[in-house]
Amino acid sequence: MTTSERPFAVVTGASSGIGYELARQFATNGFDVLVAAEDADIERAGDALRRDGTIQVKAVQVDLATPEGVERLWSAIDRPVDAIAINAGRGAGGAFVSDTTLDDELNIVDLNVRSTVHLAKRVVPDMVDRGAGRVLFTSSIASAMPGSFQAVYNASKSFVQSFAEALRNELKDTGVTVTSLMPGPTDTEFFDRAEMQDTKVGSGRKDDPAKVAEQGFKALMKGDDHVVAGSFMNKVQAVAAKVAPDTAKAEMHRKMAEPGSGE
């Protein structure tokens, strides 16, 4: 990959869903890409991105929920990074006390929070040294509300959102931009993996991941601080979340995410 003169992007969580569509946005806009995910489907995703033969694609199967996995990904990056989409994340639905395991909740923290910080700490300083770069963090509109029956996931996205905003401010005079992508419910494997199929949010209408990724890519390229992606209702919900008390937001989230609420 080091011989290409095209810009280079890294996308995590890119085997499917928003991550794959983000990688496709980079690829169709002239970037070489490195895509990473923990599952074997990342090779299939890489093959799909290579089909037109005009870009270089490197696929890395790696578990970013471990420090060793992040370091393996960092070692696989063999050229300066022009843009990175730190997108890998997961959730787990259900009551914190009785429905989820400690291992599940800590894995969410490791992937959504710790690996985000770890990877940014590796990539962003090099961007600052060069005086150029673009960073996209996949946050969520869930970051703006307490997540009853998704407590650790929402808290992790609150961390990502705060981290992105703080980092953007720190880097405002460096030539490096930071953008947070804030989707609502999106038609990906997220709700199946989180075992939330029987919830109102899991069984309800969802946004097209391709559209979400397109909006995220455009915001990144413009250097916007954030974009609430997907439907108009997501934007309404994001605005309402700024003024509603946390108690009301937690109750609203309960009605969407409580097991059985979609029946």
Checklist entry - Taking the Cα centre of region 1-123 as origin and charging only Cβ (+1 Lys, Arg; -1 Asp, Glu), how large is the dipole, in debye to the nearest 20? => result 500
Checklist outcome for this item: Between the modelled labels at Q197 and K218 (7 Å from Cα along Cα→Cβ) the distance in nm is 3.4
Checklist outcome for this item: Residue by residue through region 110-120, the couplings from Karplus 6.51 cos²θ - 1.76 cosθ + 1.60 with θ = phi - 60°, in Hz, x for Gly and Pro, are 4, 7, 6, 9, 4, 5, 4, 5, 4, 5, 4
Next on the checklist: Once the cut-off is 20 Å, how many percent of the Cα-Cα pairs in region 57-208 end up in the long-distance tail?
Outcome noted: 52
Checklist entry - Remind me, what semi-axes does region 14-118 give for its equivalent ellipsoid, largest first in whole Å, using sqrt of 5 times each Cα gyration tensor eigenvalue? => result 28, 15, 11
Item to check | T28-D52 pseudo-label distance in nm [points 7 Å out on the Cα-to-Cβ vector] | outcome: 0.8
Checklist entry - Can you give me the Cα centroid spacing of region 3-33 and region 199-239 in angstrom? => result 19
Next on the checklist: For region 168-215, take the convex hull of the Cα atoms, compute a quarter of its surface area, and give me that in nm², please.
Outcome noted: 4.7
Item to check | Pairs of Lys in the chain closer than 22 Å at Cα, counting only those 8 or more apart or on different chains | outcome: 27
Item to check | J(HN,Hα) series, region 31-44, from Karplus relation 6.51 cos²θ - 1.76 cosθ + 1.60, nearest Hz, glycine and proline x | outcome: 8, 6, 9, 10, 10, 9, 6, 7, 9, 5, 5, 5, 5, 5
Checklist entry - Any idea of the accessible area per residue across the chain, 1.4 Å probe, to the nearest Å²? => result 46
Item to check | Ellipsoid semi-axes in whole angstrom, largest first, where each is sqrt(5λ) of the Cα gyration tensor of region 141-263 | outcome: 27, 17, 12
Next on the checklist: For region 70-131, compute Rg over Rh where Rg is the Cα radius of gyration and Rh is the Kirkwood radius from the inverse mean 1/r over Cα pairs.
Outcome noted: 1.13
Checklist entry - How high is the relative contact order of region 1-111, in percent, counting Cα pairs under 8 Å that sit 6 or more residues apart? => result 29
Item to check | Spacing of the two label points (7 Å from each Cα toward its C-beta) at T174 and K121, in nm | outcome: 1.4
Next on the checklist: For a Förster distance of 22 Å, can you work out the FRET efficiency between the beta-carbons of A240 and S162, rounded to the nearest 0.05?
Outcome noted: 0.70
Item to check | Accessible surface of the chain [probe 1.4 Å, protein heavy atoms]: carbon and sulfur percent | outcome: 51
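The values are calculated or read from the model by the stated rules, or taken from the named source; none is laboratory data. As the structure is a computational prediction, the values presented were derived from the model and not from experiment. Ideal geometry is used to build each Cβ from the backbone, glycine not excepted, and the neighbour counts take in all protein chains shown. Note: accessible area is taken over every heavy atom of the protein model, side chains too, but ligands, DNA and RNA are not part of it. Shrake-Rupley method; radii C 1.70, N 1.55, O 1.52, S 1.80 Å.
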